[in-house]
Amino acid sequence: MKYTYFCPIIFSLGVKNVLTSICEAPNNDTKNWKYFQSTYENGQEYGVYYYLSTQKADAFSAAEFCTSTFKNNPVDLAKSLSQSENNFLYVNYMQNINAAWLSGGYVAGNLQLNATNISGEWFWFDSLRTPFLFDYTNWEVGQPKISDFGSENFYSPKNWLSIRGSNNPGRWASEPSYKTNYFLCEKRCGTPIQ
């Protein structure tokens, strides 16, 4: 199934135009990829195809699977940017499993982001954009727990985000990145996150 959406494109002349794009499931696989459609707070429409893995992996192997398996599509480990996205993930994927990796990681060290030094923050990571801070969270009680699992740098955070299933519906937890969980991949369509 194809979904049509509109996204503004800013050309080098500064003129805004509307581009119609077609959003398709990776490999046209609508059996295993489920579509979610919504609007960002700034009014931009977007859609996301989500996929739940059939096997468990550590956080970095999960991210590598998402980006490398679907090479002809911009696919990453999933993000949950709003309550409606989080509810969609829980209802459609998490009812029968305990946890799945999302693309959030905790950066303990200093990170220069937009001319500002940031440390001790949670970021969303993906292959297309600079990491960005969480605007929405859904932590379970007592989370996030930040643990020292060894040396940490920006490119390999040791505390990683998982979304809970049957034990704590849709809530988030911080877990060591070496733990194995199922994981969710996503293909975002529409205007990039601002």
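Here are the numbers for this structure:
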| item | result |
| --- | --- |
| Full-extension gain in nm, S82 to E45, via 0.36 nm per residue minus C-alpha separation | 12.0 nm |
| Solvent-accessible surface ranking, highest first, for R164, R171 at 1.4 angstrom | R171, R164 |
| Largest-first ordering by accessible area, 1.4 Å probe, given options E64, E175, E41 | E41, E64, E175 |
| Probe 1.4 Å, all protein chains present, accessible-area order of D29, D76, largest first | D29, D76 |
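The values are calculated or read from the model by the stated rules, or taken from the named source; none is laboratory data. This is a predicted model, so every value here is computed, not measured. Only protein heavy atoms, including side chains, enter the accessible area calculation; ligands, DNA and RNA are left aside. Shrake-Rupley method; radii C 1.70, N 1.55, O 1.52, S 1.80 Å.
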